[in-house]
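Let me begin by presenting the structure, written as structure tokens, before commenting on it.
The values are calculated or read from the model by the stated rules, or taken from the named source; none is laboratory data. Quick caveat, the model's predicted, so the values are computed rather than measured. Backbone-built Cβ (ideal geometry, glycine too); neighbour counts: all protein chains shown. Remember, those area values only see protein heavy atoms, side chains included, never the ligands or the DNA or RNA. Shrake-Rupley method; radii C 1.70, N 1.55, O 1.52, S 1.80 Å.
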Amino acid sequence: QVQLVESGGGLVQPGGSLRLSCTASGFRLDYYAIGWFRQAPGKEREGVSCISSSDGVTSYGDSVKGRFTVSADNSKNTVYLQMNSLEPEDTAVYYCAADRPWLVESCTPRYFNSWGQGTQVTVSS
């Protein structure tokens, strides 16, 4: 019964900020890699950010570097994605995913087995 639940999505104006949360249940987050991915209609799912919760090593997609920050609070079994300076191009359904870090070769969807249901982020004036 491994579950990941995203929250925090919504409508925000360009230049605004949102913080997404991904809370895990059924397993300890401490020793997993967590990825944030997004998918817009008609587009492929793309990697946004990944973090190894055990050591805090992070990576970011080129389009979000300097604007998004991923962090983990292992005591809450939660990973956050702080999104600043949001642009209309950031509009998508955002998903979190998890898998054992030794199975995650890069921050791409194919390496992640467990997925949340997604949360909609819309950036529009």
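Select from region 27-44 the residues that are farther than 19 Å from L103 by Cα and either touching a Gly at 6+ places or on another chain (Cβ under 7 Å) or touching a residue at least 24 places away in the same chain (Cβ under 8 Å) (or both) and write down the one among them that is least open to solvent (accessible area, probe 1.4 Å). Step through it out loud before you land on a result.
Of all residues in region 27-44, those farther than 19 Å from L103 by Cα come to 38-44.
Subset that is either touching a Gly at 6+ places or on another chain (Cβ under 7 Å) or touching a residue at least 24 places away in the same chain (Cβ under 8 Å) (or both): 38-40, 43.
On the way: R38: 14, Q39: 58, A40: 30, K43: 135 Å².
Looking at residues that are farther than 19 Å from L103 by Cα and either touching a Gly at 6+ places or on another chain (Cβ under 7 Å) or touching a residue at least 24 places away in the same chain (Cβ under 8 Å) (or both), I get R38.
Of everything in region 1-13 that is assigned to a loop (DSSP other than H, G, I, E, B) and small (G, A, S), the residue that is surrounded by the fewest Cβ atoms within 10 Å (Cβ to Cβ) is G8.
Each residue in region 102-116 was checked for being of a type in the set (V, I, T) and crowded, with 21+ Cβ neighbours inside 10 Å, and 1 pass.
Quick one: is G10 out of contact with any helix residue (DSSP H, G or I) (no Cβ under 8 Å at 6 or more places or on another chain) and over 23 Å from E105 (Cα atoms)?
Details: out of contact with any helix residue (DSSP H, G or I) (no Cβ under 8 Å at 6 or more places or on another chain): yes; over 23 Å from E105 (Cα atoms): yes.
In short, yes.
Conditions tested, residue by residue: (1) open to solvent by 30 Å² or more (accessible area, probe 1.4 Å); (2) in contact (Cβ under 8 Å) with a residue 24 or more places away in the chain; (3) within 11 Å of the chain's Cα centre (by Cα); (4) farther than 16 Å from R38 by Cα.
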| position | (1), (2), (3), (4) |
| --- | --- |
| S75 | yes, no, no, yes |
| P88 | yes, yes, no, no |
| R100 | yes, yes, no, yes |
| Q120 | yes, yes, no, no |
| V123 | no, yes, no, no |
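Among residues of region 45-61 being of a type outside the set (G, A, S) and open to solvent by less than 20 Å² (accessible area, probe 1.4 Å), the one that is nearest to G35 (Cα to Cα) is C50. For G16, the stated conditions hold: it is under 21 Å from S124 (Cα atoms), of a type outside the set (F, W, Y), open to solvent by less than 30 Å² (accessible area, probe 1.4 Å) and in contact (Cβ under 8 Å) with a residue 60 or more places away in the chain.
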